[in-house]
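Novice: First, the structure itself, so that you have it in front of you.
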Amino acid sequence: MNVRDLEYFQRLVQEKSFTKVAQAFHVSQPTVTYAIKRLETEFGAELIYRDRSHKAVIITPAGKILNLHSKALLNELQIAKAEIGRLKEETIEFGLPPIIGNYYFPKLSAYLFKHDLMSHIHLVDGGSRDLFTLLRRGKIDLALLGSTEPIRDDSLISELLVEKRFMIVTSPDHPLASRKSVAFNELQAEQFVLLNEHYVHPAAFQNFAQQAHFTPKIIYQNNDLNILKGMIKENVGIGFLAELAINPDDHLVTLPIEDSPQVSFLISLVQRQQVLDSVYRKKISQLIRQLSQKK
């Protein structure tokens, strides 16, 4: 079976036009037609039907089945191509969210340089949700991800490293700053500035809100942690962050949340299942485990 035939078929399902498919791949229209005929011969079934009276392309039930499976097949082939390419280059695509990166990477980088591994790593920045998607698509090899629940996926190997709390964050000038802790239902009059949906924080925040039986006032959401810290420091609003997101240099106040039970910020080392495991990936994973045990 010709992989390109499947690619033509996939595009035909989307476009419903032989002409558009031919233009997209810079081939003649008969080339696309013959490709579909080869697939129909291969599977012994009609995959598309041309309604010439309405100049329409209709996908048959057999075509819909092939479309479903060919999507998965072509995706896996793309992943295999990417992984083989990185194997040749001896590089590891390593996903690291900003919050976890600020917590881990300064120390981890010293380990990586010491063991001559830094040159074999390409760091990929992004929120945990985005990096999880990249892992599933085979765009990166491993990542340190934040979550509120253990990560389970058939195509991934996940190992819980660290469990941290979510905290309320305020300016030193805020009335709550003198408190040792706070119950979430005490925050009904407060305005919140939060990380957006690229991170796991919004889901955890909603969990606390539902448990406290009120809808918080969210005035601003962003994916830039430094912007949010600046807004909190200026008393624009209070924040909700994993405790490792705040450093002494931020000059902000963190308050434990009294509610029980409550979700935690879980940090996991997540990797793609691979037939051949890279020596460098093994070494990097081991260094991360050692560092987590020390922390």
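Novice: Stick to Cα atoms and the Kirkwood definition of Rh, then tell me Rg/Rh for segment 185-231.
Specialist: 0.97
Novice: Label Lys20 and Asp249 with points 7 Å out from Cα along Cα→Cβ: what is the distance between them in nm?
Specialist: For the pair Lys20/Asp249, the computed spacing is 5.2 nm.
Novice: Right, next: Can you send over the solvent-accessible area of Asp125, 1.4 Å probe, protein chains only, in Å² to the nearest 10?
Specialist: Taking all protein chains as shown, Asp125 has close to 110 Å².
Novice: Same structure again: How big is the Kirkwood radius of segment 144-295, worked out from every pair of different alpha carbons and given in Å to one decimal?
Specialist: Mean inverse Cα-Cα distance, inverted, gives 16.9 Å.
Novice: Now, a different point. Structure shown: which of Lys71/Lys282; Lys164/Lys233; Lys164/Lys229 lie over 26 Å apart, alpha-carbon to alpha-carbon?
Specialist: Lys71/Lys282
Novice: Can you pull out the trypsin sites (Lys or Arg not before Pro) in segment 109-174 whose DSSP state is coil and whose Cβ has at most 13 other Cβ atoms within 10 Å?
Specialist: Filter output for segment 109-174: Arg152.
Novice: Another question, if that's okay. Taking all protein chains in place and a 1.4 Å probe, what share, in percent, of the accessible surface of segment 187-295 do carbon and sulfur account for?
Specialist: Carbon with sulfur: 47 percent of the solvent-accessible area.
Novice: A further question on this structure: Take the solvent-accessible surface of the protein heavy atoms, probe 1.4 Å, and return the percent of it on segment 107-155 that carbon and sulfur atoms account for.
Specialist: The computed percentage sits at 48.
Novice: Rounded to the nearest 0.05, what FRET efficiency is calculated for Lys37 and Lys139 with R0 set to 30 Å and r the Cβ-Cβ distance?
Specialist: Rounded to the nearest 0.05, the efficiency is 0.30.
Novice: Would you calculate the separation in nanometres between label points at Lys107 and Asn196, each defined as 7 Å from the Cα along the Cα-to-beta-carbon direction?
Specialist: In this crude spin-label approximation the distance works out to 3.2 nm.
Novice: Return the single residue from Tyr49, Tyr111, Tyr103 with maximal mean-square fluctuation; model: Gaussian network over the chain, springs between Cα atoms under 10 Å.
Specialist: Looking only at Tyr49, Tyr111, Tyr103, the biggest GNM fluctuation is shown by Tyr49.
Novice: Right, next: Express the Stokes-Einstein translational diffusion coefficient of the chain in µm² s⁻¹, to the nearest whole number, given a Kirkwood radius over alpha-carbon pairs, 4 °C and a viscosity of 1.567 mPa s.
Specialist: In µm²/s, the coefficient rounds to 57.
Novice: Starting from 0.36 nm per residue, how many nanometres of slack lie between Ser28 and Ala183 once their C-alpha separation is accounted for?
Specialist: Contour length minus Cα-Cα distance gives 49.1 nm.
Novice: Efficiency by 1/(1 + (r/R0)^6): what FRET value for Glu76 and Met118, r their Cβ-Cβ distance, R0 = 30 Å, to the nearest 0.05?
Specialist: E(calc), rounded to 0.05, equals 0.45.
Novice: Right, another one. Using a probe radius of 1.4 Å on heavy atoms only, what accessible surface per residue do you get for segment 1-159? Whole Å² is fine.
Specialist: 58
Novice: Still on this structure: Quick one: compute the contact order of the chain, relative version, from alpha carbon pairs under 8 angstrom and 6+ residues apart, as a percent.
Specialist: 21
Novice: Then there's this: Looking at the chain as a GNM with Cα springs under 10 Å, which of Phe208, Phe18, Phe192 has the largest mean-square fluctuation?
Specialist: Phe18
Novice: Given a 1.4 Å probe, how much area per residue of segment 182-295 is accessible, in Å²?
Specialist: 48
Novice: Work out the FRET efficiency for Asn226 and His69 from their Cβ-Cβ distance, taking R0 = 51 Å, and round it to the nearest 0.05.
Specialist: For R0 = 51 Å, the calculated efficiency reads 0.65.
Novice: Of the residues Gln206, Gln221, Gln14, which exhibits the maximal mean-square fluctuation in a Gaussian network model of the chain defined by a 10 Å Cα contact cut-off?
Specialist: Most flexible of the set in this elastic network: Gln14.
Novice: Take peptides 245-251, 261-267 and line them up by average Cβ neighbours within 10 Å, highest first, as a rough protection proxy.
Specialist: 261-267, 245-251
Novice: Straight-line reach from Lys37: which aspartates and glutamates have a Cα under 16 Å away, not including same-chain ones fewer than 8 places off?
Specialist: Asp5, Glu7, Glu46
The values are calculated or read from the model by the stated rules, or taken from the named source; none is laboratory data. What you see is a predicted model, and the numbers here were worked out from it, not measured in a lab. Every residue, glycine as well, gets a Cβ built from its backbone with ideal geometry; the counts of neighbours run over all protein chains shown. Areas reflect the complete protein model, heavy atoms only, side chains present, ligands, DNA and RNA absent. Shrake-Rupley method; radii C 1.70, N 1.55, O 1.52, S 1.80 Å.
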